[in-house]
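The values are calculated or read from the model by the stated rules, or taken from the named source; none is laboratory data. Since the model is a prediction, treat every value here as computed from it, not as a measurement. So basically every Cβ, Gly included, is an ideal-geometry build from the backbone, and we count neighbours across all protein chains shown. Surface areas here come from the heavy atoms of the whole protein model, side chains and all, with no ligands, DNA or RNA. Shrake-Rupley method; radii C 1.70, N 1.55, O 1.52, S 1.80 Å.
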Amino acid sequence: MKSHFRPSKTPVLARQLGFGLIEAMMASVILIVGLAALAGLFAQSLTFLQYTREDLIAKQKAREALEAVYSARNDGTIGFAGIQNTNFRGGIFLGGFQPLFLPGPNGIVGTAGQTAILDRQILPGPDGIIGTADDQIIPLNNFQRQILIEPLFDAAGNISPDIRKITVTVQVTSPQRGTRNFTVIGYVSRFQ
């Protein structure tokens, strides 16, 4: 059995089909728009990472101040009468929003005995080790803290002599996000 090859009777197209200049230009425009959107997403992500760092520091500084009050009461650094704002008799805690200064010799922040050194975040430098000369120090100059100590009232409307409410608010101010407040509330009693 012999097979014969017969040429096709369909005409040969003179021109090849494929991408033309217009299709390539449209694909380039779509690619450029996609890359620009991706770059914008990365920039926005980096901005939110900065805000997340600030928010985390603010929350931790609020808790730190509350814990300092409890520690001072527990180790006898201050008596229960001292756990009040300075506008009350015998109180040691400053009223209103104050910059975040490092604690003084008594180890308590937010008092007249604190230092004049602004609190800071310390990051490792190029060597990756904290505590060396190349550490990066970031002052917390856009943070403020308020320690508000209020008396509580009993069922008869009298001020309770044995318990107080402590509200610590840390305020962060950022150019793009404005002012944000982070608050922790605790209660401190005369008894441990």
Checked region 138-184 for anything assigned to a loop (DSSP other than H, G, I, E, B) and either at pLDDT 95 or above or not acidic (Asp, Glu) (or both); matches are Leu140, Asn141, Asn142, Ala155, Ala156, Gly157, Asn158, Pro175, Gln176, Arg177
Of Gly96, Gly91, Gly128, the only residue that is open to solvent by 40 Å² or more (accessible area, probe 1.4 Å) and in a loop (DSSP other than H, G, I, E, B) is Gly128
Scanning region 99-111 for residues that are over 21 Å from Ser174 (Cβ atoms), at pLDDT 85 or above and part of a loop (DSSP other than H, G, I, E, B) gives Leu102, Pro103, Gly104, Pro105, Ile108, Val109, Gly110
Counting only residues in region 77-88 that are in a loop (DSSP other than H, G, I, E, B) and within 16 Å of Leu66 (Cα to Cα), the one least open to solvent (accessible area, probe 1.4 Å) is identified as Ile83
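This table checks each residue for (1) more than 15 Å from the chain's Cα centre (by Cα); (2) within 19 Å of Thr167 (Cβ to Cβ).
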{"residue": "Gln60", "(1), (2)": "no, yes"}
{"residue": "Asn74", "(1), (2)": "yes, no"}
{"residue": "Thr111", "(1), (2)": "yes, yes"}
{"residue": "Asp135", "(1), (2)": "yes, no"}
With the first residue restricted to region 172-192 and required to be in contact (Cβ under 8 Å) with a residue 60 or more places away in the chain and surrounded by 14 or more Cβ atoms within 10 Å (Cβ to Cβ), and the second required to be part of a strand (DSSP E or B) and aromatic (Phe, Trp, Tyr), Cβ contacts under 9 Å at 6 or more apart or on different chains are Val172/Phe143; Val172/Phe182
Pairs returned, first residue in region 38-51 that is closer than 25 Å to Gln121 by Cα, second residue that is of a type outside the set (D, E, K, R), beta-carbon separation under 9 angstrom, 6 or more apart or interchain, are Thr47/Gln176; Gln50/Ser174; Tyr51/Val172; Tyr51/Ser174; Tyr51/Gln176
Hey, does region 49-69 have a residue that's open to solvent by 50 Å² or more (accessible area, probe 1.4 Å), hydrophobic (A, V, I, L, M, F, W, C) and modelled with pLDDT under 85? yes
Among residues of region 30-48 being of a type in the set (Val, Ile, Thr) and open to solvent by 90 Å² or more (accessible area, probe 1.4 Å), the residue farthest from Pro175 (Cα to Cα) is Ile30
Of the residues in region 103-120, those that are open to solvent by 40 Å² or more (accessible area, probe 1.4 Å) and under 17 Å from Gln60 (Cβ atoms) come to Pro103, Gly107, Leu118, Arg120
